[in-house]
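The values are calculated or read from the model by the stated rules, or taken from the named source; none is laboratory data. The shown structure was predicted, so the numbers you read here are calculated from the model rather than taken from an experiment. Quick reminder, even Gly has a Cβ in these numbers, built from the backbone with ideal geometry, and neighbours come from all protein chains shown.
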Amino acid sequence: MRLNTKLNILKYVFKLTIYRRNTIDEAVVGINSNLTKNKKEWWKHHFLMLDYDNNLSLDNLEREIKHLQKQFKLGDCHIFESSYKHYNVIFFYEDMDYFEALKIIHTTTSCKSFKSWRMTRQEMTLRLTPKKNYDKKPILINIITSKYNRVPSKEQKKIKNFVLGYLREE
């Protein structure tokens, strides 16, 4: 539920939006893109994630990813199917600032809600548990290699191993 209201105080108008969220009955496991533990420097180290909930075909998605790899010199990426024709793409070994990641996100055809939500949050989050009405965890369906592959940091290796290990568990 969302409540929008305006307050007029003297010559200023304040817009106020109040959200009410339903509570989640079960735990949700996910990862976020922030690689730094220093909250004052939250923007400095992120890996890149993209969300395609717009029913883009897998062939078109792979073409777009290869174009992004060439245009921005991005390394290998992993494509996960989170539900039928809904994909998550992760570039585990990229280390970029948040604003550079946003620039790349906004050149893609990823879903509009993903793009707009990133402007209000300081991290990108990937759900690893099944979505409502879908009983499977995201499934790794492809790895697109790149000639621009990076040497991963220890933290990046840990995140990749956690994600791939968690999604393999039954």
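Observations
- Qualifying residues in region 142-156 (those that are of a type outside the set (Ser, Thr, Tyr) and in contact with a strand residue (DSSP E or B) (Cβ under 8 Å, 6 or more places away or on another chain)) - the one surrounded by the fewest Cβ atoms within 10 Å (Cβ to Cβ): Val151
- Summed over region 88-102, residues that are surrounded by fewer than 20 Cβ atoms within 10 Å (Cβ to Cβ) and part of a helix (DSSP H, G or I) total 4.
- Number of positions in region 115-170 that are hydroxyl-bearing (Ser, Thr, Tyr) and at pLDDT 80 or above: 3
- Taking every residue in region 141-163 that is over 17 Å from Leu126 (Cα atoms) and pairing it with any residue that is assigned to a helix (DSSP H, G or I), at least 6 positions away or on another chain, the pairs with Cβ-Cβ distances below 6 Å are Ile144/Ile65; Ser146/Gln69.
- Restricting attention to region 140-164, the residues that are within 12 Å of Cys77 (Cα to Cα) and outside any helix (DSSP H, G or I) add up to 11.
- Residue that is modelled with the highest pLDDT, among those in region 64-114 that are charged (D, E, K, R) and under 26 Å from Lys136 (Cα atoms): Glu64
- Looking only at region 47-63, and only at residues there that are surrounded by 14 or more Cβ atoms within 10 Å (Cβ to Cβ) and more than 16 Å from the chain's Cα centre (by Cα), the one that is farthest from Ile141 (Cα to Cα): Leu56
- Residue within region 80-87 that is free of Cβ contacts under 8 Å to residues at least 40 places away in the same chain and surrounded by fewer than 17 Cβ atoms within 10 Å (Cβ to Cβ) present: yes
Residue-by-condition table, conditions (1) more than 21 Å from Ser146 (Cβ to Cβ); (2) outside any loop (DSSP other than H, G, I, E, B); (3) among the small types (Gly, Ala, Ser); (4) touching a residue at least 40 places away in the same chain (Cβ under 8 Å):
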position: Lys44; (1), (2), (3), (4): yes, no, no, yes
position: Leu48; (1), (2), (3), (4): no, yes, no, yes
position: Leu56; (1), (2), (3), (4): no, no, no, yes
position: Asp59; (1), (2), (3), (4): no, yes, no, no
position: Lys66; (1), (2), (3), (4): no, yes, no, yes
position: Lys70; (1), (2), (3), (4): no, yes, no, no
position: His78; (1), (2), (3), (4): no, yes, no, yes
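- For region 6-42, taking the residues that are of a type outside the set (S, T, N, Q), touching a strand residue (DSSP E or B) at 6+ places or on another chain (Cβ under 9 Å) and assigned to a loop (DSSP other than H, G, I, E, B), the one that is modelled with the highest pLDDT is identified as Val29.
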